[in-house]
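The values are calculated or read from the model by the stated rules, or taken from the named source; none is laboratory data. Keep in mind the model is a prediction, meaning the values are calculated, not measured. With ideal geometry, Cβ positions are generated from the backbone for all residues, glycine too; neighbour counts draw on all protein chains shown. For accessibility, only protein heavy atoms count, side chains too; no ligands or nucleic acids. Shrake-Rupley method; radii C 1.70, N 1.55, O 1.52, S 1.80 Å.
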Amino acid sequence: MKSPVPVTALYGAMSALLNVVLAANVSRVRAARKIFLGDGGDELMTRAQRAHANNAEYVPLAIVLLLILELSGGPSLMLHVLGGVLVTGRVIHAAGMLSAG
């Protein structure tokens, strides 16, 4: 069955995958640092949590707006540019947060 919103589905899936990777990183850091609640005052833990949370906070609204644009008949090229900028920007942001310090 073909998706009625293939562009939104593509960038939504890519964003979800990034969110899973960032969540796994939080779990990895927690286990390595033996921090089981909060950030334990650990800068790496704080950065891992914020990279994940920031992605989880901002991506849903962006995907909903992309969906609205696609359902409204927005041009495919514009949808791909916006979706690509969203995913690329989120990857760069997460990488920057995780490497800062």
Revision key, fill the gap. Taking the stretch 1-35 and keeping residues over 19 Å from the mean Cα position of the chain (by Cα), open to solvent by 60 Å² or more (accessible area, probe 1.4 Å), farther than 21 Å from GLY83 by Cα and not charged (D, E, K, R) leaves MET1, ALA31, ALA32
**Study point:** Residues located in the stretch 59-101, provided they are open to solvent by 60 Å² or more (accessible area, probe 1.4 Å), under 13 Å from the mean Cα position of the chain (by Cα) and within 16 Å of VAL21 (Cβ to Cβ)
**Key:** THR88, VAL91, ILE92, HIS93
Practice item. Would you please name the residue that is nearest to the chain's Cα centre (by Cα), looking only at residues in the stretch 40-49 that are surrounded by 18 or more Cβ atoms within 10 Å (Cβ to Cβ) and not hydrophobic (A, V, I, L, M, F, W, C)? Key: GLN49
